[in-house]
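Student: Mind looking over this structure? Questions follow.
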Amino acid sequence: METVQGFAFFPMEFTKDGLVFDPAQVQALLAGLRAQPFTDLLVLAHGWNNDLDDARSLYGRLLAQLRQALDARAVPGLGPRTFAVVGVLWPSKKFADADVIASGAAGANSPITTALLATALARLRGAFDAPDADQKLDQAQALLARLEDSPAAQDAFAELLRALVPGAEASPDVDASGAYHALPGRDLIGHLAKPLPAAVLPPGPRAGAPAAGHVAGLGQFFGGIKAGALNLLNYTTYYQMKERAGRVGRDGLRPVLQAVRQQQPGLKLHLAGHSFGGRVVTAAAAGPDGQPVLPVDTLTLLQAAFSHYGFSDNYDGTHPGFFRSVLAQRAVRGPVLITHSAHDSAVGTMYPLASMLAHQVASGLGDANDKYGGMGRNGAQKTPEAAEGPLLGVGAGYAFAPGKVFNLNADAVIQEHSDICHPEVAYALLQAIATT
């Protein structure tokens, strides 16, 4: 049995189709849980990472913080409890990041270049589900030189990108995907070609904070057709990963956890997801339409990459959030924790792209009052069960309660999208677990 930071660790890998890659991993988990008297199972799901090593590194760093807190007995009442961990591994892909920017010969003082776009397209080979996706990426690359001067090339470029992703959403979100599919290609790029107002862009990270997940900020800093094309590429990648994350949680992880529940109904089950991993674990709890929710004991969303209306009872006078059933059907017996930070440059700029697609450009793009805002930027909005408060230091007191949602403002701690491995984060997660 593998151990990570003193925790029994069970990797669980899933395919692009959301299915378990190796059924032997499921059997190993079930056998391992039978072999030792574990009281709690913690399920971790990563977000956009290029490879499995990135995900394992994240899990190792987060589990190190949890181990330190447990060994220090920072949270009373957890001493007698024993933990096993499932590390979800699913094929996600970063957006165009600092490496793409560097290799594309564009910097903070230069506009978007054809080379940058070509590099970004090349980096996404293998990322999409469409069987001819790589061929379409090559065809899109062949159009780059004509994008600025040819509306027809813009139309063709947009059509190629849209053909990479499914037209019918299995995992909807409040993210202007209707406009993404419906607008003429030239209009789509045109809407995304304007730089965001400086006030909308998240503050820069503190020195030394991880830069992973810094979603092609150049597309928002600069205007022009190529900036619009880069923003469109990033939105398309977001759309694919949103759909895949939902599929992995709903069709892959959920059956595994149902098998665990059937074998050991008394085992406490805690779900924690970062970024799109927040969508993975929430989709696992929610399940397909028409099916009962999966009972879990806690749910922790760390800089989650889905709409801040995901849990809303009624965000527009008519519609509930896509994951409303998680609260309405009491899927979570204990508290739901949501960290959010103004410094999250991934979630904090991806949802303003949705506002731009919908042609809703204002100074409040992506904030708590915008229709298009992310959970990791603003916490759960228009959600009656939600309470606001800061992410506290180790040793401070939380008033966590069952069935409630706690938006934890992490501006003082989390300085970037992937900057989640802190003592304060581990302490909050363990405090939630201690209430169950």
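The values are calculated or read from the model by the stated rules, or taken from the named source; none is laboratory data. Keep in mind the model is a prediction, meaning the values are calculated, not measured. Glycine gets a Cβ as well: all are built from the backbone with ideal geometry, and neighbour counts include every protein chain shown.
Student: Can you pull out the residues in the stretch 267-293 that are buried (at least 24 other Cβ atoms within 10 Å of the Cβ) and in a loop (DSSP other than H, G, I, E, B)?
Tutor: Ser275
Student: With respect to Ala31, is the statement that it is among the hydrophobic types (A, V, I, L, M, F, W, C), surrounded by fewer than 22 Cβ atoms within 10 Å (Cβ to Cβ), at pLDDT 95 or above and in a helix (DSSP H, G or I) true?
Tutor: yes
Student: Would you point out the residue of the stretch 303-359, among those that are basic (Lys, Arg) and in a loop (DSSP other than H, G, I, E, B), that is surrounded by the most Cβ atoms within 10 Å (Cβ to Cβ)?
Tutor: Arg333
Student: Is there any pair with a first residue in the stretch 112-132 that is within 18 Å of Ala227 (Cβ to Cβ) and among the charged types (D, E, K, R) and a second that is at pLDDT 95 or above and not in a loop (DSSP other than H, G, I, E, B) whose Cβ atoms are under 9 Å apart and which are 6 or more apart or on different chains, and what are they?
Tutor: From residues that are within 18 Å of Ala227 (Cβ to Cβ) and among the charged types (D, E, K, R), there are no pairs.
Student: Report yes if Ala153 is surrounded by 16 or more Cβ atoms within 10 Å (Cβ to Cβ), over 21 Å from the mean Cα position of the chain (by Cα) and part of a helix (DSSP H, G or I), otherwise no. Give the derivation first.
Tutor: On the way: surrounded by 16 or more Cβ atoms within 10 Å (Cβ to Cβ): yes; over 21 Å from the mean Cα position of the chain (by Cα): yes; part of a helix (DSSP H, G or I): yes.
Here the answer is yes, as Ala153 does meet what is asked.
Student: Residue check: is Lys404 farther than 21 Å from Thr298 by Cβ, surrounded by fewer than 24 Cβ atoms within 10 Å (Cβ to Cβ) and either β-branched (Val, Ile, Thr) or in contact (Cβ under 8 Å) with a residue 60 or more places away in the chain (or both)?
Tutor: Against the criterion (farther than 21 Å from Thr298 by Cβ, surrounded by fewer than 24 Cβ atoms within 10 Å (Cβ to Cβ) and either β-branched (Val, Ile, Thr) or in contact (Cβ under 8 Å) with a residue 60 or more places away in the chain (or both)), Lys404 does not qualify.
Student: Still on this structure, please answer the following. Looking at the stretch 136-150, which of its residues are over 15 Å from Leu188 (Cα atoms) and not small (Gly, Ala, Ser)?
Tutor: If the condition is that a residue be over 15 Å from Leu188 (Cα atoms) and not small (Gly, Ala, Ser), then Lys136, Leu137, Asp138, Gln139, Gln141, Leu143, Leu144, Arg146, Asp149 are the ones that fit.
Student: Scan (1) in a helix (DSSP H, G or I); (2) modelled with pLDDT under 95 for the single condition Ala108 breaks and write down its number.
Tutor: Of everything listed in (1) in a helix (DSSP H, G or I); (2) modelled with pLDDT under 95, Ala108 misses just condition (1).
Student: Here's another thing I want to ask about it. Would you point out which residue out of Asn409, Asn378 is among the polar types (S, T, N, Q) and surrounded by fewer than 22 Cβ atoms within 10 Å (Cβ to Cβ)?
Tutor: Numbers: Asn378 fails: surrounded by fewer than 22 Cβ atoms within 10 Å (Cβ to Cβ).
None of the others qualify; the one that does is Asn409.
Student: Right, something else. Quick one: which of Val86, Val100 is modelled with pLDDT under 90 and surrounded by 19 or more Cβ atoms within 10 Å (Cβ to Cβ)?
Tutor: One residue alone meets the criteria, Val100.
Student: Here's another thing I want to ask about it. Taking the condition within 19 Å of Gly47 (Cβ to Cβ), at pLDDT 95 or above, among the hydrophobic types (A, V, I, L, M, F, W, C) and under 20 Å from the mean Cα position of the chain (by Cα), does Phe311 pass?
Tutor: Answer is yes for this residue.
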